[in-house]
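Each remark here refers to the structure printed beneath this line.
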Amino acid sequence: MDNRNYTHILTALPCEAKPLIAHYQLKRCMAIEPFTTYGKDNVTLTVTGIGKVSMAASVAFIHQLVGGIPNSVWLNIGIAGHQSHPVGSAFIAHKITDADTGRCWYPSQPFNTPCESEEINTVSIPLVDYPETCLYDMEASAFHEIAMRFSTGELVQCLKIVSDNTANPAEKITPQHASTIVEANLQTINALLHKQQRLAETINPDQPEWYSMACEIWRFTHSEKIQLKDISRYWQVVSPDDPPELEQLPKNHSGKQILGWLKVEIATRKMNLSFR
């Protein structure tokens, strides 16, 4: 493996990973513990085990394993339950809620997604019913929260495949069933990974020139500088060839006002991108 453009795939269960291992021709990394990990070239696949703690630990472990390289592609693939969506249908997360803490995240997709999107509710105990019209899983919130610390938000995505619903209860899920529905969605998974990898290639790990200029002109608190850094990374994704026109802004603005202006500008560019 070289030191850039990594792709990290994480699944909770071996049966979810099985068709991915075969499709991408991944080999078991026997020397790597404590998580079962497969790899080839710049792709890793890790079987994390069920639950948020295992998922969070796996993400941090893999990030350090490859040397802490920033702006890698991260994709959590797994099965999930839903009230009525058909078994085997795939969805990319546009909102992830942790049922224990109430915290929410809103993954951004600045590209045409290869499948529809849906909200995911991450729970700690398996549910036998579906109280709300969203997907239910046990790892997405931990995956997203930790992976976001190591990469640009647009490169961190969750893809869930419906394994059970009101008509097909979770108690009847078998490992073979899980492998079959993941395998049936390999084309969608390939398309999503391709879009994420294309984005990763456009992101410069160094901060753009305008970031330094903003820090020289305006005063930002520590937390505001972190927000500014996140915005600058996002800007490189949605509008790499069109930097913000900071020269037009008053020099007596506060850091908070500059961040507000940048957020409005980047939202406008994202909207324009979605209509292309």
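The values are calculated or read from the model by the stated rules, or taken from the named source; none is laboratory data. This is a predicted model, so every value here is computed, not measured. Cβ placement follows ideal geometry from the backbone for every residue including glycine, while neighbour counts extend to all protein chains displayed. Surface accessibility is based on the protein's heavy atoms, side chains included, excluding ligands, DNA and RNA. Shrake-Rupley method; radii C 1.70, N 1.55, O 1.52, S 1.80 Å.
Just one of Leu13, Leu26 is within 19 Å of the chain's Cα centre (by Cα), closer than 22 Å to Thr180 by Cα and surrounded by fewer than 21 Cβ atoms within 10 Å (Cβ to Cβ); which is it?
The unique qualifying residue is Leu13.
Residues being among the β-branched types (Val, Ile, Thr) and either without any contact (Cβ under 8 Å) to a residue 12 or more places away in the chain or part of a strand (DSSP E or B) (or both): count how many of those fall in segment 8-28.
Residues in segment 8-28 being among the β-branched types (Val, Ile, Thr) and either without any contact (Cβ under 8 Å) to a residue 12 or more places away in the chain or part of a strand (DSSP E or B) (or both): 2 in total.
Considering each of Ser72, Ser58 in turn, give the residue that is open to solvent by less than 40 Å² (accessible area, probe 1.4 Å), out of contact with any His (no Cβ under 8 Å at 6 or more places or on another chain), under 30 Å from Gln207 (Cβ atoms) and not acidic (Asp, Glu).
The unique qualifying residue is Ser58.
Could you tell me which numbered condition Ile96 fails, if it satisfies all but one of (1) among the β-branched types (Val, Ile, Thr); (2) within 19 Å of Met148 (Cβ to Cβ); (3) at pLDDT below 95?
(3)
Starting from segment 182-196, take each residue that is over 12 Å from Ile161 (Cβ atoms) and list its partners that are open to solvent by less than 30 Å² (accessible area, probe 1.4 Å) and in a helix (DSSP H, G or I), counting only C-beta distances under 9 angstrom and pairs at least six apart or across chains.
That search, which allows pairs on different chains as well, returns Gln196/Glu154; Gln196/Leu155.
Looking at segment 75-95, which of the residues that are closer than 26 Å to Thr174 by Cα and either in contact with a Pro (Cβ under 9 Å, 6 or more places away or on another chain) or hydroxyl-bearing (Ser, Thr, Tyr) (or both) is surrounded by the fewest Cβ atoms within 10 Å (Cβ to Cβ)?
Restricting to residues being closer than 26 Å to Thr174 by Cα and either in contact with a Pro (Cβ under 9 Å, 6 or more places away or on another chain) or hydroxyl-bearing (Ser, Thr, Tyr) (or both), the top hit is Ser84.
So Thr101 passes all but one of these: (1) touching a strand residue (DSSP E or B) at 6+ places or on another chain (Cβ under 8 Å); (2) of a type in the set (Ser, Thr, Tyr); (3) open to solvent by 50 Å² or more (accessible area, probe 1.4 Å). Which condition number does it fail?
For Thr101, the failing item is (1).
Could you please find all residues in segment 259-276 being loosely packed, with under 13 Cβ neighbours inside 10 Å and at pLDDT 85 or above?
Gly260, Val264
Taking helices (runs of 4 or more DSSP H) that do not extend beyond segment 161-258, which have at least 1 residues that are modelled with pLDDT under 95 and surrounded by 14 or more Cβ atoms within 10 Å (Cβ to Cβ)?
186-202, 209-217, 222-238
For segment 147-160, give me the residue count where each residue is of a type in the set (A, V, I, L, M, F, W, C) and either open to solvent by 30 Å² or more (accessible area, probe 1.4 Å) or assigned to a loop (DSSP other than H, G, I, E, B) (or both). Walk me through how you get there before you give the answer.
Filtering segment 147-160 for residues of a type in the set (A, V, I, L, M, F, W, C) gives 147-148, 150, 155-156, 158-159.
This time we only want the ones that are either open to solvent by 30 Å² or more (accessible area, probe 1.4 Å) or assigned to a loop (DSSP other than H, G, I, E, B) (or both), so: 148, 150.
Here the count works out to 2.
In this structure, does Gly78 turn out to be more than 18 Å from Leu13 (Cβ to Cβ) and either part of a loop (DSSP other than H, G, I, E, B) or at pLDDT 95 or above (or both)?
Details: more than 18 Å from Leu13 (Cβ to Cβ): no; either part of a loop (DSSP other than H, G, I, E, B) or at pLDDT 95 or above (or both): yes.
Judged against the criteria, Gly78 is not a match.
Residue check, Lys256 against (1) out of contact with any Asp or Glu (no Cβ under 8 Å at 6 or more places or on another chain); (2) of a type in the set (D, E, K, R); (3) without any contact (Cβ under 8 Å) to a residue 40 or more places away in the chain, all met but one. Which one?
Single failed check for Lys256: (1).
Considering every residue within segment 81-95, establish whether at least one is under 22 Å from Ile266 (Cα atoms) and among the polar types (S, T, N, Q).
no
Taking the residues in segment 34-59 that are in contact with a helix residue (DSSP H, G or I) (Cβ under 8 Å, 6 or more places away or on another chain) and either of a type in the set (D, E, K, R) or part of a helix (DSSP H, G or I) (or both) as candidates, determine which candidate is farthest from Leu186 (Cα to Cα).
Looking at the filtered set, the residue picked out is Val53.
Just to be sure before I move on: is Ala31 assigned to a helix (DSSP H, G or I) and either at pLDDT 95 or above or not basic (Lys, Arg) (or both) in the structure I sent?
No: the conditions fail for Ala31.
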